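Chemist: Have a look at this one.
The values are calculated or read from the model by the stated rules, or taken from the named source; none is laboratory data. Just so you know, these numbers come straight off a predicted model, no measurement behind them. A quick note on method: Cβ atoms are made from the backbone with ideal geometry, for glycine too, and the neighbour counts reach across all protein chains shown.
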Amino acid sequence: MLALPRCVPRHDAKPSMPAAGAVAACLLAALAADASHAANAQGRLEAEYVATVSGIPVGHGTWVVEISDNAYTANASGSTAGVLRIFSGARGTGGASGTMSGTGPVPTNYAATIIDDRHVDEVHIALAGGNVTDFSAEPPLLPLPDRIPVTEADVRGVVDPMTSALSRVAGTGDPVNPAACQRKVPVFDGRVRYDLHSEFKRIETVKAEHGYEGPAVVCALYFQPISGFVPNRAAVKYLITLRDAEVWLAPIAGTRVLVPFRVSMPTPLGPGILQAKQFVTVAQPPHALAKSQ
C-alpha cells in the first residue's frame, strides 16, 4: 500500500498483524513531502513499490499520479506480501484529488479503506482551502483520558497523507536539489494530526527495474505528533526519537513535482525499506489530463 495506513497505530485496537506488519504499514505511510507551490505543467506517474523488512518482502502496491496545470489526482492500492500474508491478508485502496493553485496542491477530497482479517478501517476527509470541512473515521478512536484531542485549530492549514507525498520545487533549474528537503508538512489522516520535517542529506543515483534512472534527492525525515495520539505509547515514542529515517525523492516528468522513490527506516526487526520497482513517468501535452477526464 502507498500512504494508506498510519504511522501512529490505533492504540485502542487489538493487534491484527505481527510487528513486521506494523512496520510495513508505517513504511507505506511515511511518504511525505511539501505541497507548497503550483505545478504549472502536466505529467503522469505509474509506479509499483515493494516493502521489505530485513530483506523479506512484507508488502507491495501501486501508485498512479496525474498532474495538470490546475488539478491533480493520486490513487493507490496494495496488500501484504510474502510470509506476512500468512499472518494477515491486509489490503487497501486510497486516493486524493485537488486543485493546483499559486500556493501548490490544495486537496479537496481524500479517502482510504484498509481491510485485514479482523477489521475494516475507513477514512474520508473533505477539505477547502487547506482546511478540513468534514471527516469521518471508522472505527473511531476511543476517548481515552490520556489521548491528546484534535482541536478545530489542528485541522486548519493541513494536507491529507496522499497529497503530502507531492513535493513541488520552486524555480526554473533542476528540481532535484537540496531545496526539495527543507520543509515541514502539516498532515491530518482522519484521526491523528502530525508534522513531518525533512532536511537535505545528499544526492543519489537510482534505477528502477522499469522506468526512471537518474538522480534522487535524499532527505532526512522526522515525525512530530500534534494531537489525536496517546503520548506514552511505545510506537509513538519510537517514531518521535527516530533519527535515521530517509525519503528519496525523484521527479515526475513534465513537472517540478518530486515524489518518493524510496523510504527507509531502522526497525527493531531490521532495516525497513519501501522502494519503487517500477517508476514510469511521462510528460503530458498541455490540457491532455483535462481532456481525458
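Chemist: Looking at (1) out of contact with any helix residue (DSSP H, G or I) (no Cβ under 8 Å at 6 or more places or on another chain); (2) of a type outside the set (A, V, I, L, M); (3) modelled with pLDDT of 50 or more, which is the only condition Gln42 fails?
Modeler: (1)
Chemist: Can you tell which of Gly228, Gly211 is more than 30 Å from Pro145 (Cβ to Cβ), in contact (Cβ under 8 Å) with a residue 40 or more places away in the chain and not basic (Lys, Arg)?
Modeler: Gly211
Chemist: Is at least one residue of region 228-240 in a strand (DSSP E or B) and either within 23 Å of Ala112 (Cα to Cα) or among the hydrophobic types (A, V, I, L, M, F, W, C) (or both)? Explain how you work it out, then say what you get.
Modeler: Within region 228-240, the first condition is being in a strand (DSSP E or B), and the residues that meet it are none.
The answer is no; no qualifying residue exists.
Chemist: Now for a separate question. Looking at (1) in a strand (DSSP E or B); (2) more than 24 Å from Ser68 (Cβ to Cβ); (3) among the polar types (S, T, N, Q); (4) out of contact with any Asp or Glu (no Cβ under 9 Å at 6 or more places or on another chain), which one does Ser136 not meet, given that it meets all the others?
Modeler: (4)
Chemist: For residues that are free of Cβ contacts under 8 Å to residues at least 60 places away in the same chain, part of a loop (DSSP other than H, G, I, E, B) and among the hydrophobic types (A, V, I, L, M, F, W, C), tally how many sit in region 241-281.
Modeler: 1
Chemist: Would you please list the contacts, defined by Cβ atoms under 7 Å and residues six or more apart or on different chains, that run from a residue in region 124-146 that is closer than 17 Å to Met162 by Cβ and modelled with pLDDT under 95 to a residue that is surrounded by 11 or more Cβ atoms within 10 Å (Cβ to Cβ) and of a type outside the set (Asp, Glu)?
Modeler: Pairs that qualify, where the first residue is closer than 17 Å to Met162 by Cβ and modelled with pLDDT under 95 and the partner is surrounded by 11 or more Cβ atoms within 10 Å (Cβ to Cβ) and of a type outside the set (Asp, Glu), are Gly130/Val106; Gly130/Gly157; Gly130/Val158.
Chemist: Of the conditions (1) surrounded by fewer than 24 Cβ atoms within 10 Å (Cβ to Cβ); (2) at negative phi; (3) at pLDDT below 60, Ser77 clears all except one; give me its number.
Modeler: The one condition Ser77 does not meet is (3).
Chemist: Output the residues belonging to region 102-129 that are small (Gly, Ala, Ser) and within 17 Å of the chain's Cα centre (by Cα). So that I can check it myself, show each step before the final result.
Modeler: Step one: filter region 102-129 for residues small (Gly, Ala, Ser), giving 102, 104, 111-112, 126, 128-129.
If the condition is that a residue be small (Gly, Ala, Ser) and within 17 Å of the chain's Cα centre (by Cα), then Gly104, Ala111, Ala112 are the ones that fit.
Chemist: Here's a follow-up. For Thr108, state whether it is exposed (fewer than 15 other Cβ atoms within 10 Å of the Cβ), over 27 Å from Ala220 (Cα atoms), of a type in the set (Val, Ile, Thr) and at pLDDT 95 or above.
Modeler: On the way: exposed (fewer than 15 other Cβ atoms within 10 Å of the Cβ): no; over 27 Å from Ala220 (Cα atoms): yes; of a type in the set (Val, Ile, Thr): yes; at pLDDT 95 or above: yes.
It is false that Thr108 is exposed (fewer than 15 other Cβ atoms within 10 Å of the Cβ), over 27 Å from Ala220 (Cα atoms), of a type in the set (Val, Ile, Thr) and at pLDDT 95 or above.
Chemist: Additional query: If a residue has to be in a loop (DSSP other than H, G, I, E, B) and polar (S, T, N, Q) to count, how many in region 161-187 make the cut?
Modeler: Going through region 161-187, the residues in a loop (DSSP other than H, G, I, E, B) turn out to be 161-162, 166, 169-177, 182.
Applying the additional criterion that residues be polar (S, T, N, Q) yields 172, 177, 182.
Looking only at that region, the number is 3.
Chemist: Right, something else. Please determine, by comparing only the residues of region 233-257 that are in contact with a Pro (Cβ under 7 Å, 6 or more places away or on another chain) and under 12 Å from Cys219 (Cα atoms), which one is surrounded by the fewest Cβ atoms within 10 Å (Cβ to Cβ).
Modeler: Asp244
Chemist: Separate question: Could you please let me know if Asp174 is under 26 Å from Gln275 (Cβ atoms) and either among the aliphatic types (A, V, I, L, M) or surrounded by 15 or more Cβ atoms within 10 Å (Cβ to Cβ) (or both)?
Modeler: no
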